[in-house]
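Worksheet: the structure to be examined is printed underneath.
The values are calculated or read from the model by the stated rules, or taken from the named source; none is laboratory data. For clarity, every value in this text was computed on a predicted model and none was experimentally measured. Glycine also receives a Cβ, built like all others from the backbone with ideal geometry; neighbour counts cover every protein chain displayed.
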Amino acid sequence: MYQPPDAGRWTGRIDSVSDERAFRLHQRIRLLDLSQPLEPVERAAAFIGFACDEGVRRNQGRQGAKEAPAAIKAALARLPWHLPEGVVVYDAGDVVCVDEQLEQSQAELGTMVARLLRSGITPIVIGGGHETAYGHYLGVREAIGPASMIGIINIDAHFDLRPYDDGPTSGTMFRQILDQDDRASYFCLGIQRLSNTAALFAAAEKYGCRYMMEDELTAGPIEAAYAQIEEFASKHDAVMFTICMDAISAAAAPGVSAPSPFGLAPSLARALIRRIVSHPNTVSVDLCEVNPLLDEGGKTVALAAAFCMEALLHFQRLQLGR
Ligand SMILES: N=CN[C@@H](CCC(=O)O)C(=O)O
Ligand SMILES: [Mn+2]
Ligand SMILES: [Mn+2]
């Protein structure tokens with residue numbers, strides 16, 4: 001079910017009502033109702049929420065991620081505006097999963113993502129459990145057509161390559177995509193040995209997935225990751241980028257279904273995010289698995305909002321003269 005944006009969410013501290021250098025996102029955001037016709041726009045991005053944790057429920061996880069779009073948008077509202085002149089940022093509302101209708105909700109999210117992409121607007125999808133990524137994928141595939149090659153870059157502790165004989169969950173998306181789409185490939189950064197069974201490592205081999213382990217990334221140098229990102233992104237027509245917040249150290253991101261004691265440092269993840277969205281082939285991003293009900297002092301929500309803002313600031317598609 002689609003819910004148009006709610007202006008009441010975009011409130012916060014006001015340092016000045018006239019000096020634009022003192023503005024925050026809530027003073028700049030525009031509302032975009034995706035139930036109305038869309039005009040083409042240049043250098044624009046839109047937050048689209050996916051209020052859903054049905055995939056997490058089916059995956060035996062701890063529910064609460066459906067509260068994340070409202071919480072992350074509220075945290076984004078308070079951040080200072082540093083975007084270049086001419087960039088427009090929209091709140092495009094939320095797709096809400098009702099009555100355990102995961103598959104229908106993913107399809108609806110896909111429709112919204114495709115509409116944004118076709119209007120030239122960069123989608124910043126705010127999940128939701130990681131099942132968000134499947135709806136995001138449907139939209140990218142619809143927008144770019146069947147012939148184009150999609151590269152999926154995931155920052156995650158988990159492969160999310162589980163079998164889905166009993167239906168899709170928050171742990172099955174990339175297997176679903178690779179089974180149905182021979183023009184999609186998958187690169188995962190931040191994989192942890194203790195977050196995946198041997199069967200899941202075997203699935204990654206079987207599907208020819210590329211991955212970098214968390215300890216490999218942490219030990220550096222980061223240029224090794226940058227080189228792999230460049231090589232992978234360059235050989236695809238479009239890159240969809242997905243961030244699973246449980247990839248981050250539990251010290252910084254406790255508010256997730258499956259916390260990671262040895263997760264990535266936030267600054268390392270930020271460097272990866274900047275590099276991935278800076279690639280000209282990257283068309284969209286989603287950020288998933290924040291569970292505000294499990295958060296400690298709002299720090300996971302604050303980190304998620306900061307990652308969304310970093311993506312906005314560094315998206316190559318939003319820069320002048322591209
Ligand atoms: N999206 C999360 N997927 C993980 C969850 C693991 C867990 O709950 O322990 C997975 O299925 O592997
Ligand atoms: Mn994960
Ligand atoms: Mn995941």
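Candidates 301, 277, 239: the one that is touching a Ser or Thr at 6+ places or on another chain (Cβ under 7 Å) and at pLDDT 95 or above is 239.
Can you tell me which residue in segment 269-306 is farthest from residue 53 (Cα to Cα), limited to those that are part of a helix (DSSP H, G or I) and within 16 Å of ligand 2 (Cβ to nearest atom)? Out of the qualifying residues, it is 272.
Exactly one residue out of 64, 110 is within 20 Å of residue 298 (Cα to Cα) and either buried (at least 16 other Cβ atoms within 10 Å of the Cβ) or hydrophobic (A, V, I, L, M, F, W, C) (or both), and it is 64. Only residues that are assigned to a helix (DSSP H, G or I) and either β-branched (Val, Ile, Thr) or within 16 Å of ligand 1 (Cβ to nearest atom) (or both) were counted in segment 128-159, giving 8.
Before we move on, is residue 246 at pLDDT 95 or above, part of a strand (DSSP E or B) and in contact with a strand residue (DSSP E or B) (Cβ under 6 Å, 6 or more places away or on another chain)? Against the criterion (at pLDDT 95 or above, part of a strand (DSSP E or B) and in contact with a strand residue (DSSP E or B) (Cβ under 6 Å, 6 or more places away or on another chain)), residue 246 does not qualify. Test residue 232 against the criterion of being at negative phi and either under 15 Å from the mean Cα position of the chain (by Cα) or within 16 Å of ligand 3 (Cβ to nearest atom) (or both), and give yes or no. Considered against the rule, which asks whether it is at negative phi and either under 15 Å from the mean Cα position of the chain (by Cα) or within 16 Å of ligand 3 (Cβ to nearest atom) (or both), residue 232 comes out as no. Annotation: of all residues in segment 190-249 being charged (D, E, K, R) and within 16 Å of ligand 1 (Cβ to nearest atom), the one that is nearest to residue 122 (Cα to Cα) is 246. Figure legend. Inter-residue proximity from segment 233-250: first residues touching a residue at least 40 places away in the same chain (Cβ under 8 Å) and more than 16 Å from ligand 2 (Cβ to nearest atom), second residues in a strand (DSSP E or B) and among the hydroxyl-bearing types (Ser, Thr, Tyr), beta-carbon distance below 6 Å, spacing 6+ or different chains. Indicated pairs: 239/282; 240/284.
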